[in-house]
1. Out of contact with any His (no Cβ under 6 Å at 6 or more places or on another chain), surrounded by 22 or more Cβ atoms within 10 Å (Cβ to Cβ) and under 26 Å from Val62 (Cβ atoms), is that true of Val280?
2. Only one residue in Gly36, Gly21 is out of contact with any helix residue (DSSP H, G or I) (no Cβ under 6 Å at 6 or more places or on another chain) and at positive phi. Which one?
3. May I ask you to list the residues in the range 84-127 that are modelled with pLDDT of 95 or more, surrounded by fewer than 20 Cβ atoms within 10 Å (Cβ to Cβ) and under 14 Å from the mean Cα position of the chain (by Cα)?
4. With the condition kept exactly as written, say whether any residue in the range 113-132 is outside any helix (DSSP H, G or I), aliphatic (A, V, I, L, M) and within 20 Å of Phe241 (Cα to Cα).
5. With the condition being within 24 Å of Ile91 (Cα to Cα), I'd like the helices (runs of 4 or more DSSP H) fully within the range 218-300 carrying at least 2 qualifying residues.
6. Restricting attention to the range 345-378, and to residues there that are within 24 Å of Asn164 (Cβ to Cβ) and of a type in the set (Gly, Ala, Ser), which single residue is farthest from the chain's Cα centre (by Cα)?
7. Counting only residues that are over 30 Å from Glu86 (Cα atoms), of a type in the set (Gly, Ala, Ser) and either surrounded by fewer than 18 Cβ atoms within 10 Å (Cβ to Cβ) or touching a strand residue (DSSP E or B) at 6+ places or on another chain (Cβ under 7 Å) (or both), how many does the range 31-75 have?
8. Can you spot a residue in the range 345-361 that is at pLDDT 95 or above, outside any helix (DSSP H, G or I) and more than 26 Å from Thr34 (Cβ to Cβ)?
Amino acid sequence: MWKTSSGSTGRLLQLCLGYFGLYVLNGMFAKVFTGGYPYRMPEMAYLFNNTLGGSAIALLVVFVLGWIKLQSNRLVKWGPFMVPSEAAYIIPSGICTAVVIPTTTLMYTLPISVMVAMVIMRGSIIVISRLIDAVQIQQGILKKRVYGEENWAVLFALLAVATNVVLLPVVSYLEGRGIEASRWLGLKPGALEGSFDFLRSPQAMTIMGLYITAYTIRIYIMNYFKNTRAKGVPLDNKGFFAVEQIAASLTMAGIVALFFFGAPVFGWTAKPVVDFRAAVTQPSLGAFLTGLPYGALAFFSVFIFMFKGRTATFAGLVNRLTSLLAGTAATLLMFFVFKARFPALQDWVSVGFILVAVYFLSLAEKRRMTELAKEAVA
């Protein structure tokens, strides 16, 4: 057994390995069920069943293991009950989580290139995490500073996220000069044309605005919880997850009921709504069971975001970079198992940027561990 202590580099690596493995498995399941390897089901139906299974499994773990008993700074009275004071902001974090999940799905149904959608979703988390550190330092909530190495890691992580979009103009330039760059890069000249037309779509901008706003609030709350533990009160990430997950599940159940029963009443006929209502009526045990790694993935994701003694910048980068590497690994495994497409050149370019970002993060981690050791002695 690889024994580690709370807040150690070893514990962080354990979380990353768990997150990586589960992300690869979840990514492969998604490709198998929606890509015809060898099964195929509507993407919305898969996502609904997968999310339902993940939420059910997460709630089961929360209640069976007793994580609901949050270790709090203080208890306050809500009617006849004494509850943790932190519930006042963890519940809104759960509501934000419930907003993030459907808007993530809806992002892929918009008139927007998948590449641009992925850049927005992944890049926004990295930028948000860095901004939250700046805000909480200014507020006096975060007592640590963001190292220069972490800022360099942010730069290379954003390059990794945006590799495809950044390469498109290069491909167009080379193709215009007779160099067949699209053939060996797997990108088509002009593929970016029209990708940003969604900026003129009120529906698209509303969905993206909800996604970014909800994630901003959620990451702020996670770091507020982490950085405001009273002396002697442990950082109870399991308790935070439990309260957040319950709030998120109840909110999502309300959203499902609203759109399923409300669509015929209010005359909602937009394609995403129609596809969603159809998904609710298409139960799939197989897709539901894929929620096992998806639900477990949520634990690791939250625990990395809230990792003890680290800045939001550092934790957000670790989370996103791990998922990026896992995405490429899933594509590679799909190639060997199902003869799907091999990762394109831009995927490997992205991996290169990720490795540079990881190098800077490793330097930051060494400095942080030295800092934490001095604080422990003092």
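1. no
2. Going through Gly36, Gly21 in turn, just one is out of contact with any helix residue (DSSP H, G or I) (no Cβ under 6 Å at 6 or more places or on another chain) and at positive phi: Gly36.
3. Val127
4. No, that holds for no residue.
5. 237-266
6. Among them, the one singled out is Gly352.
7. Final tally of qualifying residues: 2.
8. Within the range 345-361, not a single residue is at pLDDT 95 or above, outside any helix (DSSP H, G or I) and more than 26 Å from Thr34 (Cβ to Cβ).
The values are calculated or read from the model by the stated rules, or taken from the named source; none is laboratory data. Predicted model, so just to flag it, every value in this text is computed and none were measured. Cβ coordinates were reconstructed from backbone atoms using ideal geometry, including for glycine residues, and neighbour counts include every protein chain displayed.
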